[in-house]
Amino acid sequence: MFSESARCVVLVGAQWGDEGKGKITDVIAEQATIVARYQGGANAGHTVEVGDEQFILHLIPSGALYSTVRCLLGNGVVIDPWTLVEEVDMLEGRGIDISHRLGISWRAHLVLPYHKLLDGANEASRGVQIGTTRRGIGPAYRDKVARTGIRVCDLADLSFVRGTIESQCEWTNARLVDYGSDERANATEIMDRLESVAPGLLSNAVDVGEEILSGLSAGGRVLLEGAQGSQLDVDHGTYPFVTSSNTTAGGAAVGVGIGPTLIDEVLGVVKAYTTRVGNGPLPTELKDEAAEHLRTLGGEFGATTGRPRRPGWFDGAVVRHAAAVNGLTALAVTKLDVLDSFEEIQLGVGYELDGDALEGFPPRSQQLDRVCPVYETMPGWMAMTEECRTWDSLPQNARAYLDRIKSVSGVPIRYVSVGSGRRQIVTV
Ligand code: IMP
């Protein structure tokens, strides 16, 4: 739920992604008039369950499941046109009428087939792989910053698009030769495929910032939905093991085209433990059987790639850092129920490096690889929480655990999710 005075809320992942943002967005979106994605692309996999049905959305905002919500993709999103068309068709095939409620920023950049080829080849050529989703995200943002990208609005001028695609295919193919890859990008093929989707994309192209401003002026409520998590932010995350966009709240204003002064609240979504998919540091990582146990109980497999996620204990240092870089005003703690059967739970409250307590959050992944988490051992609650709907109905030890998450992070808790269903939520 939106708090009484909040009109514009940003929802961010406060760990390494997969925190359950789809579910929380779905809960809040009931009261929203607009839900807008502000960064990332089809690398995201937001899972929403309604009754017996499960939806996995990669590009379209998770608010899509409410027929009254206008869904927007901001200029900060990189759009794979064919994935978008597939997702619209999937939703419409399942009875969710989305095409007339979908607006795409005309300033958003496109992810094209050569970006995916480059993503794969870049990864293969790196000494230490990042473990990207291979959805072409990094190369698409690189073209944006290098000023060689193609935007939705450009589709109105296909001869301009053809020229850019031809030169980008030439450039890409030279890189693919350098990387020793046998794959090649084909400009004619890409143009043929693009021509068939261009009219549809253009018919949904809008000025997203303007729409949000008029929605707010008309008394509407706006949710800006982040993808991935704060530790995957290209500036504030565990560089270079990050995605290529600003996942943090600052990216929201830029990524939809409104001023930051319009944002009232920033809700950080955290799992009651931690997971990461892909490579890079994960200080509270669990190994062996304990990891397998948490992975199985939590169903921790990537929604986009199916890769097993790396599980770990809750890391207070990570969430404190997220609180600072996002200006978090509240937390939504998800998947509490996954910890129901643990006799003891470890909660990371800080780090030591070379025997000394570490102040602040280290900027280098090489340092984070070496830190030792400082844990507090908390007693488990050994009781089912999935039917809990109020704070008081949660087991006492679960409340104590959540209270400690709050004090270690320095952020109050607004929601606790106790299952994947829409109604399995405690509002604090
Ligand atoms: P990319 O965004 O595909 O370039 O991948 C960069 C890093 O971000 C890799 O470690 C991915 O596993 C991770 N990543 C990207 N999207 C998500 C997501 O939605 N959830 C979790 N991790 C992600």
Full extension between Thr68 and Thr390 adds, at 0.36 nm per residue less the Cα distance, a length in nm of 113.1 nm
Carbon and sulfur atoms account, in whole percent of the 1.4 Å probe accessible area of the chain, for 50 percent
Stretched fully, the stretch from Asp52 through Asp288 gains (0.36 nm per residue minus C-alpha distance, one decimal, in nm) 81.7 nm
Sorted on mean Cβ neighbours within 10 Å (highest first), peptides 401-413, 11-23 come out as 11-23, 401-413
Among beta bridges assigned by DSSP with both residues in the chain, the antiparallel ones amount in percent, to the nearest 5, to 40 percent
Heads up, region 335-398 by the C-alpha gyration tensor (a ≥ b ≥ c square roots of eigenvalues; a/c under 1.5 rounded, else a/b over b/c prolate, else oblate) looks prolate
Here the gain from full extension of Cys372 to Gln129, 0.36 nm per residue of separation minus their alpha-carbon distance, amounts to 85.1 nm
With N residues in region 3-146, Rg(alpha-carbon) / (2.2 N^0.38 Å) equals 1.09
Convex hull around the C-alpha positions of region 44-125: the volume in Å³ per residue is 105 Å³
Comparing Gly237, Gly63, Gly259 in a Gaussian network model of the chain (Cα, 10 Å), the one with the largest mean-square fluctuation is Gly259
Once normalised by the length of the chain, the mean sequence separation of its alpha carbon contacts under 8 Å that are 6 or more apart gives a contact order in percent of 20 percent
Given pairs Lys21/Lys271; Lys21/Lys144; Lys21/Lys335; Lys23/Lys287; Lys23/Lys144; Lys116/Lys144 and cut-off 20 Å on Cα-Cα distance, the over-length ones are Lys21/Lys144; Lys23/Lys287; Lys23/Lys144
Computed on Cα atoms only, the convex hull of the chain has an orientation-averaged projected area in nm² of 20.4 nm²
Distribution output for region 288-384: share of Cα-Cα pairs per 10 Å bin in percent, first bin at 0, values 13, 37, 39, 11
For region 189-321, averaging the sequence separation of alpha carbon pairs under 8 Å that lie six or more residues apart and dividing by its residue count, the contact order in percent is 17 percent
With Rh as the Kirkwood radius over Cα pairs, region 239-303 has Rg/Rh of 1.09
Computed, not fitted: 222 nm per-residue ellipticity of the chain from DSSP H runs ≥ 4 (each -39500 (n - 2.57)), nearest 500, equal to -10000 deg cm²/dmol
Here the relative contact order (percent) of region 287-428, from C-alpha pairs under 8 Å and at least 6 apart, is 27 percent
In units of 2.2 N^0.38 Å, the Cα radius of gyration of region 119-219 is 1.35
From the Cα centre of region 7-35 to that of region 97-145, the distance in Å is 22 Å
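The values are calculated or read from the model by the stated rules, or taken from the named source; none is laboratory data. These figures come from a predicted structure and were not determined experimentally. All Cβ positions, even for glycine, are placed from backbone atoms using ideal geometry, and neighbour counts span all protein chains on display. Only protein heavy atoms, including side chains, enter the accessible area calculation; ligands, DNA and RNA are left aside. Shrake-Rupley method; radii C 1.70, N 1.55, O 1.52, S 1.80 Å.
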